[in-house]
Amino acid sequence: MNMKQDEYLEALWRLHEQEKNSVEDLQTALNAPVERDVLDGLTSDRMAEYDGELRKVRLTEKGLAYALDLVRKHRLAERLLHDVLRVRGEGFESEACTFEHLVAPQVVEGICTLLGHPRECPHGLPIPEGECCRRSEQTISTSVVYLAQLEVGEVGQVAYIDCQDDAQLHRLNGLQFKPGVEVKLHQKYPAYVVECEGGIIAIDEWIAKRILLWKQRGRGVYEDGAVPHVPEKPARKRFWRRGRRYGTFTRE
Ligand SMILES: [Zn+2]
Ligand SMILES: [Zn+2]
Ligand SMILES: [Zn+2]
């Protein structure tokens, strides 16, 4: 399959989702005139069936399986670009399409897991399930949630930081919330207090609403039932508020 054929297969998948099958619908989905030789190529590869008289076109079983994989990669790439890399506007679509041709299947699974097996792309279209999504449903209930959504006593690992604003991100980078770091929520009011890297940190609510965590099952208990390690030394208190000793963190 070449890039052009892939583009057609993705468009045909969108038609399949909308239960449409005319050549005119394909033209609308492509936003370009339908090229007959591309359709013929897909037909001879048994990816699509094309009826020239009725001007109908649709994916075969083989074409559906192939297109599902393409669309899954495309929509996961959109989520990655949108949520983690914060790419917006121009270039967004073409970046997602480039991405789907570059990544290996294992990398796709890794990205899907990082993002918490998302069900929809940023446009609200469904992301087809992969093996990793089915496995995660059967085995563990790991999900990605905002720190602010944890209950007191719960533990999570930092997945990524959702922050549109460079100034905010810069300030967040001053804290210990690096991807992979474990965070335990101690209290929510009057401020969020979390344990992180052996320290106790008070943070404002807006920060708790920017940090995404992989949440583990149960209240502060790992999947195998073990209780998370608690540092023996009393943790040093650090506050990130203006006027306090350790920083100049303030509400926006
Ligand atoms: Zn694409
Ligand atoms: Zn999308
Ligand atoms: Zn998945």
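The values are calculated or read from the model by the stated rules, or taken from the named source; none is laboratory data. Just so it is clear, the model here is predicted, and its values are computed rather than measured. When we count neighbours, we look across all protein chains shown, and the Cβ atoms used for this are built from the backbone with ideal geometry, even at glycine.
For this structure, a couple of remarks:
- Screening residue 54 with (1) in a helix (DSSP H, G or I); (2) over 20 Å from residue 117 (Cα atoms) gives one miss only, at (1).
- Single condition residue 31 does not satisfy, out of (1) assigned by TED's automatic domain parsing to the domain that holds residue 122; (2) on the phi > 0 side of the Ramachandran plot: (1)
- Odd one out for residue 89 among (1) surrounded by fewer than 17 Cβ atoms within 10 Å (Cβ to Cβ); (2) in contact with a Pro (Cβ under 9 Å, 6 or more places away or on another chain): (2)
- Checking residue 125 against (1) closer than 18 Å to residue 6 by Cα; (2) within 16 Å of ligand 2 (Cβ to nearest atom), the condition it does not meet: (1)
- Just one of the numbered conditions (1) exposed (fewer than 14 other Cβ atoms within 10 Å of the Cβ); (2) within 16 Å of the chain's Cα centre (by Cα) is not true of residue 96: (1).
- Some residue of the range 87-95 being in a helix (DSSP H, G or I), within 16 Å of ligand 1 (Cβ to nearest atom) and at pLDDT 80 or above: yes
- Restricting the range 15-29 to residues that are surrounded by fewer than 18 Cβ atoms within 10 Å (Cβ to Cβ) and within 18 Å of residue 68 (Cα to Cα), the residue that is farthest from the chain's Cα centre (by Cα): 20
- Criterion (closer than 21 Å to residue 1 by Cα, within 16 Å of ligand 1 (Cβ to nearest atom) and part of a loop (DSSP other than H, G, I, E, B)) met by exactly one of 32, 67: 32
- Residue check, residue 122 within 16 Å of ligand 3 (Cβ to nearest atom) and touching an Asp or Glu at 6+ places or on another chain (Cβ under 9 Å): no
- In the condition set (1) assigned to a helix (DSSP H, G or I); (2) in contact with a Lys or Arg (Cβ under 8 Å, 6 or more places away or on another chain); (3) at pLDDT 85 or above, residue 132 is compliant with all but (2).
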